[in-house]
Each structure stands twice: as structure tokens, then as C-alpha cells.
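Input: a single structure, listed below in C-alpha cells.
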Amino acid sequence: MKKFSGKVLFLDRNDINTDEIIPARYLTEITKEALKPFLLEDLSLDGFDVTRDIEEKAAVITRENFGCGSSREHAPWALEVNGIHVVLAESFARIFRQNMYNCGMFAIELSKGQIDYLFETYSRKETSLEVDVEASHLIIETEDKKDIIEFKVGGFDMTLVREGGWVGYADKHY
Amino acid sequence: MGKTLAEKIFDAHRVDMPFPDTHVLKLDRVFCHEITTPIAITDLMARGMDRVFDPTKIKAVIDHVTPAKDSKTAEQGKIIRDWAKRNEIKDFFDVGRNGVCHAIFPEKGFVRPGFTIIMGDSHTCTHGAFGAFAAGVGTTDLEVGILKGVCAFHFPKTLKIVLEGALQAGVYAKDVILFIIKELTVNGATNMVIEFTGPVVDAMSMESRMTLCNMAVEAGGTSGICYPDMTTVDYLWPTINEEYASKEAALAEFSQWISDDDADYEEVRTYNISDLEPMVTFGYKPDQVKSVSDMTGTEVNQIYIGSCTNGRIEDLRVAAQVLKGHKISDDVRAIVSPATPGIYSKALKEGIIEIFQEAGFCVTNPTCGACLGMSNGVLAEGEACASTTNRNFNGRMGKGGTVHLMSPASAAATAITGKITNSPLFKG
């Protein structure tokens with residue numbers, strides 16, 4: 001299983017698409033590692049600085065429909081090789097969400113109220129997040145505040161996280 | 001309670017349900033291209049599992065960057081080419097015989113009603129036009145599809161869209177789907193199959209139905225889907241005439257792939273589109289749509305006609321009808337990419353290529369190139385393109401560029417004036 005803890009990157013926008021997460025001009029790479037410098041290079045978001053904000057992050061918290069657009073698994077891979085293995089959002093595009101679980105990573109949906117609360121409470125401070133897989137809850141904290149938030153993930157998706165992805169599972173069962 | 005078409009396809013292909021709402025389906029087709037497949041291939045090799053579940057059900061093409069533009073794209077081509085040869089995949093379309101995946105695979109007759117199809121490409125939903133369940137997937141799903149011939153999906157909740165009325169002259173499937181995406185928004189159909197029905201769809205060619213289904217994903221949809229009918233049979237006939245005694249026999253078999261009257265839909269929306277005008281996008285999301293009339297006069301730098309959305313013969317015919325006897329504006333450059341070699345030769349024979357050239361268009365080989373800013377027409381910072389493609393994301397056709405999605409008729413008219421313009425075919 002991958003590691004699901006570390007500092008949080010807040011991306012305060014709906015509909016962040018896969019072209020923004022990893023532009024098509026980098027799809028000519030044939031290793032996942034080669035994508036590392038290009039994560040979120042084309043993201044259009046006020047206040048976001050690609051050279052400053054990604055380093056040492058391990059989780060993303062964002063709004064609606066994250067990962068819409070292309071099917072490119074390069075988007076989850078670009079997150080993965082930067083050490084980001086968990087994304088929390090109000091909702092995800094179908095292919096992106098499945099790609100995350102297929103790679104053994106978390107794409108966790110929370111309610112709009114919960115996401116609003118996380119942005120209001122934590123987005124202006126250095127915040128860390130940990131996914132407790134056994135307990136199905138998230139621990140989010142900053143220097144003066146801590147919350148424990150329960151989340152739900154389907155049986156199939158949780159199995160993919162535990163087994164490290166879909167290829168191993170499918171090879172065993174089909 | 002009856003079943004939707006997508007449910008019927010699921011029931012006919014389900015091999016396992018390991019968890020609630022996890023439907024593992026057997027696949028009739030796994031389509032592959034050189035951008036998303038190589039990493040699946042190298043991973044299979046690293047795992048010591050360099051094999052395929054059935055070489056006759058896998059179809060592969062080099063289409064995104066072709067001919068190769070640099071060493072990296074040459075390497076991607078080499079990986080998929082060598083893999084196809086090693087694994088005896090006969091239907092591999094290399095440089096010279098290749099075309100845009102969602103145009104060439106239907107043209108070759110690889111798509112049939114009732115099929116399950118995956119590809120590492122979000123516009124795989126295009127093939128639903130034939131009454132198939134066709135979904136874009138990532139490289140890991142593709143890899144498992146190649147190896148095992150299965151893919152896991154959630155239950156296919158279906159959004160039914162009934163299109164009533166009749167299209168005005170000069171209004172096309174592209175205008176219809178832009179209007180629908182505006183109505184649904186970019187995540188309005190997430191995790192749903194969009195079923196397109198009604199008299200407007202019945203009257204559409206297969207090419208137009210493919211344009212409709214192609215952009216289902218821009219509203220978040222898993223697959224677009226249309227009911228097969230005699231139009232479907234006529235399109236496929238050259239590739240299926242040895243399998244069926246007559247067109248009627250083919251139709252009789254295909255007709256099992258329609259929804260029941262009492263099927264359970266997630267939602268049904270009915271639109272009368274008799275008054276619909278040509279539509280165009282603004283901004284950076286495909287649901288940011290206005291009528292061309294409201295955007296008239298917006299300056300552009302480049303015109304692009306092509307792609308899996310609108311690079312088929314009927315698209316080129318309409319554009320040529322608008323362009324005939326005209327020159328493009330001195331303020332723009334224009335590019336057309338016929339989507340397959342078959343379409344290219346038809347366009348040559350019909351004199352369409354000559355019309356494009358005389359108007360001042362650059363005619364390229366079949367490729368996806370410009371649509372996603374990978375080759376053949378990348379925009380410079382601050383430039384705008386009137387494009388018949390499917391995505392207007394920030395930087396899609398080049399960093400800092402803007403894309404206005406529209407029909408081939410509107411794109412051709414825009415090429416002549418250099419500013420977003422309704423085509424003279426639209427009299428409204």
C-alpha cells in the first residue's frame with residue numbers, strides 16, 4: 001500500500017481538467033518519472049505558483065469535477081511521482097477517479113459542506129493530512145486545529161488501494 | 001421494469017460482480033493508440049506478461065502524432081508497432097494507412113451494435129453511435145483489457161435525451177451537442193450513459209451521430225449511445241455483407257439493441273431544437289456556449305477543420321460548400337486534416353481537396369495533431385483558433401491559446417472573414 005500522509009495543497013476551483021494537471025505536450029514521455037517537473041504547469045488559478053506550491057505536498061483538496069477531460073493516466077501519475085497519493089474533492093470525473101484507484105491511490109469524495117469547511121479552516125495555513133485506511137477516516141491538522149473526518153469508499157476501490165492497483169487484482173481473478 | 005440499451009449490453013457481457021455495483025464486463029474490442037498504450041506495454045513487459053487476450057479483438061493505430069515529429073514520438077510509435085507485430089495484432093494502422101482512431105475504427109467495421117469497447121482515450125464514447133457501450137479508460141484499465149479482455153464499471157445509469165423537431169438549414173450535430181453540453185454543464189452526466197433519441201437523431205447520418213456521441217464525455221458522460229437502425233446497417237454494410245444474407249437480416253439482429261419502452265432512466269430530457277442556431281464556445285470549458293450570432297465579429301488567428309469530432313467526409317463536404325469560390329482572409333491561416341486515408345481519397349475524388357487548397361487551406365495527413373496541441377497547428381501565446389474539435393481547455397492547442405469550438409460550416413465561414421461568422425448555409 002502507498003503512503004497517504006503529508007502536507008496539503010489546496011486548489012480552490014471547480015473543473016480542474018487533465019490538460020491543466022499535465023498538458024498534452026508532455027504525453028510523449030514514456031516513463032511516469034519524466035512527468036514530475038510538469039505537474040499543474042498550465043493550471044489557471046489566482047495565487048497558485050507552480051514553482052512554489054507543489055514541493056513536499058502529499059495531498060490535494062479541491063472542489064467539483066476534478067480531473068475532467070482526457071483519459072490520460074498521466075494525470076494521476078504526475079501526482080504520484082510528486083508524492084501526492086490522495087485527492088479530496090466534492091466530485092471527480094469518472095475516468096480520473098478510476099485511474100487513481102487503479103494506481104492504488106485515493107480519490108475521496110466529501111460533501112460540499114465538508115469541503116467548504118476544510119477550505120475555510122485550513123487553506124490559509126500549513127496543513128497536514130493522514131488517511132487512516134483501517135478506520136476509514138481522515139485526520140487533518142494544523143498547528144492550532146485538528147479534525148477527524150469519516151469517509152466512504154466502495155469495496156472495490158478500497159481493495160484496489162490495499163492491493164496496490166487493478167493489474168495485480170485482475171491477474172489474480174480473471 | 002424494462003431495461004435500457006446500456007443495461008442490456010451489461011447483462012450480456014457481465015462475467016463477475018466482485019463487489020456491489022462493480023460490474024466486470026468482457027470486452028469485444030480493445031482499441032489502442034500510441035500515446036496511452038506504450039506505458040501499458042512496457043508495464044506488461046516488466047511484469048513478464050507481454051501477451052494479449054485475443055489479437056483479433058485488439059485494434060491499434062498511430063494517430064496522435066504522425067508521422068513522428070521527434071525522437072520521443074518515434075519511440076512511442078516503435079513501442080506500439082513492435083508490440084503489435086510480436087503479439088500478431090493484424091489490425092494495426094501505421095503511417096500511411098493510419099487515421100484518427102474514432103474515425104478509422106468505425107470505417108473499418110470494427111464497431112457493432114451491442115459491443116463493449118474500451119480505449120485509452122476519452123472520446124471512445126464516439127462508438128456508442130452504433131448502439132455499443134464504448135468508454136474511455138486510463139492506461140491501467142487498458143492494460144488489463146489487453147491482458148484479460150475485461151474491464152470493471154459501475155452500473156450504467158442512463159440519461160435519455162429526446163431531440164424533437166427538425167434542424168434548420170445550416171445547423172448540424174455539432175451545434176446540437178454544444179447546446180446539450182451547455183444545458184447539462186461539464187459534469188451534468190458524470191457516471192451516466194447519454195442516450196440520444198428522437199426524430200432528429202433518427203434523421204441523422206452515422207457521421208452526425210458520431211459527432212453527438214463524441215462529445216458526451218464533455219458533459220462527463222461515460223458513453224454516448226444511439227439505437228441501431230437501417231442507417232447503421234447501411235454504414236456498416238460494406239464490412240458486414242458477407243456475414244448477413246441481407247440488410248434486413250442485419251437490422252433484425254441489431255434491433256435487439258434498443259431500450260425497452262418501460263426502461264428505468266436516471267433522467268429524461270426532451271428538447272425541441274427546431275429553432276436551434278449554430279453554436280460556438282467561449283472561455284475554457286465546453287459548457288461555455290453561445291450562439292454564433294452572439295459571438296459574431298470575434299477575431300481568430302487560425303481555423304482548424306478535422307478531429308474525431310468533425311473530420312469525416314460529410315464535415316469536409318459542408319466546409320467545401322461554404323469555401324467554394326472564396327479565399328480565406330489574409331488575417332488567418334487555415335488547416336484541414338481529413339480524419340482517415342479513406343476520407344482523404346473520397347475528398348480528392350470529389351474535388352473537395354482542391355477547393356480547400358484554392359481557398360488557401362493547408363491540407364495535412366490524417367492525424368489528431370492540432371486538436372490537442374501536439375503537432376500540425378500549435379497556437380502561439382495569445383492566439384485564438386476557430387476549431388471543429390471537442391475541447392476548448394486553457395492551453396489545449398498550445399500554451400496561452402484559446403479555442404472556439406464550432407461546426408465545420410461555421411469554421412469555414414470564419415476562415416473567409418477572419419472573424420467568427422455564421423455560414424451562408426444558415427438563413428435564420
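The values are calculated or read from the model by the stated rules, or taken from the named source; none is laboratory data. As the structure is a prediction and not an experimental result, all values here were calculated from the model. When we count neighbours, we look across all protein chains shown, and the Cβ atoms used for this are built from the backbone with ideal geometry, even at glycine.
Of note:
- Just one residue in the set A:T18, A:T62 is in contact with a Lys or Arg (Cβ under 9 Å, 6 or more places away or on another chain) and within 24 Å of B:G401 (Cβ to Cβ); that residue is A:T18.
- In the condition set (1) more than 11 Å from chain A (Cβ to nearest Cβ); (2) in contact (Cβ under 8 Å) with a residue 60 or more places away in the chain; (3) farther than 26 Å from B:D315 by Cβ, B:K108 is compliant with all but (3).
- Neighbours by Cβ (under 6 Å, 6+ apart or cross-chain): first from segment B:156-179, in the same structural domain as B:G131 (by TED's automatic domain parsing); second part of a helix (DSSP H, G or I) and among the hydroxyl-bearing types (S, T, Y): B:A173/B:S208; B:A173/B:T211; B:K174/B:T211
- Cβ-Cβ under 7 Å pairs, at least 6 apart or on other chains, segment B:273-294 side assigned to a helix (DSSP H, G or I), far side of a type in the set (A, V, I, L, M): B:V292/B:M279; B:V292/B:V280; B:V292/B:M406; B:V292/B:I420
- Members of segment A:68-89 that are more than 10 Å from chain B (Cβ to nearest Cβ) and either assigned to a loop (DSSP other than H, G, I, E, B) or touching a Pro at 6+ places or on another chain (Cβ under 8 Å) (or both): A:N82, A:G83, A:I84, A:H85
- Matching residues in segment B:65-81 - criterion: being out of contact with any helix residue (DSSP H, G or I) (no Cβ under 7 Å at 6 or more places or on another chain) and assigned to a helix (DSSP H, G or I): B:S71, B:K72, B:T73, B:A74, B:E75, B:G77, B:K78, B:R81
- Any hit, segment B:234-247, residues being within 28 Å of B:H64 (Cβ to Cβ), buried (at least 19 other Cβ atoms within 10 Å of the Cβ) and assigned by TED's automatic domain parsing to the domain that holds B:L163: yes
- Near pairs, Cβ below 9 angstrom, 6+ apart or cross-chain, from segment B:241-259 (at negative phi and part of a helix (DSSP H, G or I)) to any residue that is loosely packed, with under 15 Cβ neighbours inside 10 Å and of a type in the set (D, E): B:K247/B:D234; B:A250/B:E243
- Residue within segment B:328-344 that is part of a loop (DSSP other than H, G, I, E, B), exposed (fewer than 15 other Cβ atoms within 10 Å of the Cβ) and either out of contact with any Ser or Thr (no Cβ under 6 Å at 6 or more places or on another chain) or of a type in the set (V, I, T) (or both) present: yes
- Qualifying positions in segment B:82-116 - under 14 Å from B:H33 (Cα atoms) and assigned to a strand (DSSP E or B): B:F92, B:F93
- The residues in segment B:351-393 that are part of a loop (DSSP other than H, G, I, E, B), surrounded by fewer than 22 Cβ atoms within 10 Å (Cβ to Cβ) and either touching a Pro at 6+ places or on another chain (Cβ under 7 Å) or at pLDDT 95 or above (or both) can be counted, and the count is 9.
- Scanning segment B:146-164 for residues that are modelled with pLDDT of 95 or more, out of contact with any Gly (no Cβ under 9 Å at 6 or more places or on another chain) and not aromatic (F, W, Y) gives B:I146, B:L147, B:K148, B:G149, B:V150, B:A152, B:K157, B:T158, B:K160.
- Taking the listed residues A:F151, A:F156, the one that is within 15 Å of B:F19 (Cα to Cα), aromatic (F, W, Y) and modelled with pLDDT of 95 or more is A:F156, with no other qualifying.
- Counting only residues that are small (G, A, S) and more than 7 Å from every other protein chain (Cβ to nearest Cβ), segment A:1-25 holds 2 of them.
- Test: residue in segment A:127-148 that is of a type outside the set (D, E), closer than 29 Å to B:A152 by Cα, assigned to a loop (DSSP other than H, G, I, E, B) and within 14 Å of another protein chain (Cβ to nearest Cβ): no
- Residue match in segment B:87-98 (condition: β-branched (V, I, T) and closer than 18 Å to B:E218 by Cβ): no
- Annotation note: of B:V300, B:V289, the sole residue that is within 27 Å of B:D330 (Cβ to Cβ) and aliphatic (A, V, I, L, M) is B:V300.
- In segment A:26-54, the qualifying residues are those that are free of Cβ contacts under 8 Å to residues at least 12 places away in the same chain and within 10 Å of chain B (Cβ to nearest Cβ), and the one that is nearest to B:G395 (Cα to Cα) is A:T28.
- Segment B:312-327, subset charged (D, E, K, R) and in a helix (DSSP H, G or I), residue farthest from the chain's Cα centre (by Cα): B:R317
- Test: B:Y304 is surrounded by fewer than 19 Cβ atoms within 10 Å (Cβ to Cβ) and outside any loop (DSSP other than H, G, I, E, B): no
- Selection status of B:D82, touching a residue at least 24 places away in the same chain (Cβ under 8 Å) and acidic (D, E): no
- Meets criteria (away from chain A (no Cβ under 14 Å) and on the phi > 0 side of the Ramachandran plot) for B:G99: no
- Segment B:133-154 residues that are more than 7 Å from every other protein chain (Cβ to nearest Cβ) and within 17 Å of A:L160 (Cα to Cα), paired with ones that are among the aromatic types (F, W, Y) and not in a helix (DSSP H, G or I) (beta carbon under 8 Å, 6 or more apart): B:G145/B:F53
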